[in-house]
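Shown next, in structure tokens, is the structure this report addresses.
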Amino acid sequence: MPVTARFGVRTGPDVFAVEPGPGLEPPGGQDYWYGRVLLDAPGVFVEDELLPLVASLCFQAPAQLAAGEPFAAWTNRYPGEYHLEPAGADVRLHGSAVLSANGAAATEWAAPAAELLPALHDCGRRALAFFRSRIGDDPGQTEALSALEALEAETAAALRR
């Protein structure tokens, strides 16, 4: 079974819409979307402010891992951290911000790099489309969206996609 990566947006306390379609306007407005990146549901997830989470986990991490380098990032949640490290043909994910399906701290999760990196990038692309559909031409968000689009392009190049 191929590795999956999907984003979710919080719509209420402990309620997340996975890859929401048109019409859903998450609470908090576009200045603050909180969400998750879910891996191999119901496997593990990392949860934080959605835009920086997508930037780091879906775009920066795959590009860095494709270069053979480990990746680490902090979340604003609690705060916590997560690490992705090459482990042979796999990538190992661990850290205090990596949670299991029931929300308990996960010790470790691994997946083949050849499947995980494109899955994360594709998840980021879908999240970017979500952001674009909600932000539109809002001048207050244009800079953040442009930065995310630049990260996506760098990741596409790193993954040769």
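The values are calculated or read from the model by the stated rules, or taken from the named source; none is laboratory data. Worth saying up front: this structure is predicted, and the values here are computed from it rather than measured. We work out accessible area using only protein heavy atoms, side chains counted, and drop any ligands, DNA or RNA first. Shrake-Rupley method; radii C 1.70, N 1.55, O 1.52, S 1.80 Å.
Observations, loosely collected:
- Among the residues of segment 108-161, the ones that are modelled with pLDDT under 95 and among the β-branched types (Val, Ile, Thr) come to 2 in all.
- Conditions (1) farther than 21 Å from residue 45 by Cα; (2) assigned to a helix (DSSP H, G or I): number failed by residue 160: (2)
- Only a single criterion out of (1) at pLDDT below 95; (2) β-branched (Val, Ile, Thr); (3) open to solvent by less than 20 Å² (accessible area, probe 1.4 Å) is not satisfied by residue 15, namely (3).
- Considered as a group, the residues in segment 67-114 that are of a type in the set (Phe, Trp, Tyr) and open to solvent by 50 Å² or more (accessible area, probe 1.4 Å) include one that is farthest from the chain's Cα centre (by Cα), and that residue is 78.
- Scanning segment 115-131 for residues that are over 18 Å from residue 52 (Cα atoms) and open to solvent by 40 Å² or more (accessible area, probe 1.4 Å) gives a single hit, 115.
- Of the set (1) among the hydroxyl-bearing types (Ser, Thr, Tyr); (2) part of a helix (DSSP H, G or I); (3) open to solvent by 50 Å² or more (accessible area, probe 1.4 Å), all apply to residue 155 but (3).
- Strands (runs of 3 or more DSSP E) contained entirely in segment 1-104, each with at least 1 residues that are among the small types (Gly, Ala, Ser): 5-12, 15-18, 34-39, 71-75, 80-87, 98-100
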